[in-house]
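Note sheet for the following structure.
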Amino acid sequence: MPDRILFLDADEETLKARKEGDKSRSREFFDFHREYLLPLKREWFLNRSDTDVLRVDTMDRETMGKAVLKWADAAANKI
């Protein structure tokens, strides 16, 4: 297991909007995952002491990438 985990989180409206905006994949399993699996996954990660959460609702890809890189650099420096 890694020392730290970064969980990217967004609200339901953001997830739906991003799904609708991505026509490159069918995402046939998306609604099932969002309704049944994501709540379990979110609960599991958020109850772990080694998980950091990054809210990505207002981030575009570039901003998100920079935030993830900043987190990774900080996590690497703690090792």
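The values are calculated or read from the model by the stated rules, or taken from the named source; none is laboratory data. In this text the structure is predicted, and so the values were computed from the model without any measurement. Cβ: placed from backbone, ideal geometry, glycine included. Neighbour counts: every protein chain shown. Keep in mind that these areas ignore ligands, DNA and RNA; they rest on the heavy atoms of the full protein, side chains included. Shrake-Rupley method; radii C 1.70, N 1.55, O 1.52, S 1.80 Å.
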Exercise for the section: Quick one: which residues, 5+ away or cross-chain, put their amide H under 5 Å from the amide H of V53? H built at 1.01 Å from N. Expected result: F7
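Just to confirm a number: summing +1 for Lys and Arg and -1 for Asp and Glu over residues other than P2 whose beta-carbon lies under 14 angstrom from that of P2, what do you get? Don't skip to the answer; put the middle values down first.
On the way: positive: R4, R48, K78; negative: D3, D50, D52.
Summing Lys and Arg as +1 and Asp and Glu as -1 gives 0.
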Fill in the blank from the handout: Out of M59, F45, S24 - ranked by how far each Cα lies towards the positive end of the dipole of the stretch 1-75, with unit charges on the beta-carbon of charged residues - the top one is S24
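Could you tell me the relative contact order of the chain? Use alpha-carbon pairs under 8 Å, at least six residues apart, and round to a whole percent. Kindly include the intermediate steps, with their values, before the conclusion.
Values: 35 pairs, mean separation 42.1, N = 79.
Computed value for the chain: 53 percent relative contact order.
Where nothing but the Cβ of Lys and Arg (+1) and of Asp and Glu (-1) is charged, how large is the charge dipole of the chain around its Cα centre, in debye to the nearest 20? Can you show the working numbers first?
Details: 16 positive and 17 negative charges, 47 e Å.
Charge dipole of the chain: 220 debye, to the nearest 20.
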Completion exercise
Here FRET efficiency (C-beta to C-beta, D60 to I5, R₀ 22 Å, nearest 0.05) is 0.45
Problem - Ellipticity estimate at 222 nm from DSSP helix runs (n ≥ 4, -39,500 (n - 2.57)) divided over the chain, nearest 500 - result: -14500 deg cm²/dmol
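Can you give me the % of accessible surface on the chain that is carbon or sulfur? Probe 1.4 Å, all protein chains present, nothing else counted.
55 percent
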Problem - Whichever aspartates and glutamates have a C-alpha closer than 18 Å to that of K66, once near sequence neighbours (fewer than 8 apart) are set aside - result: D9, D52, D57
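Rolling a 1.4 Å sphere over the protein heavy atoms, what is the accessible area per residue of the chain, to the nearest Å²?
Value returned for the chain: 79 Å² of accessible area per residue.
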Practice task
Once you've got the GNM for the chain with C-alpha springs shorter than 10 Å, pick whichever of K66, K23, K41 has the biggest mean-square fluctuation.
Solution key: K23
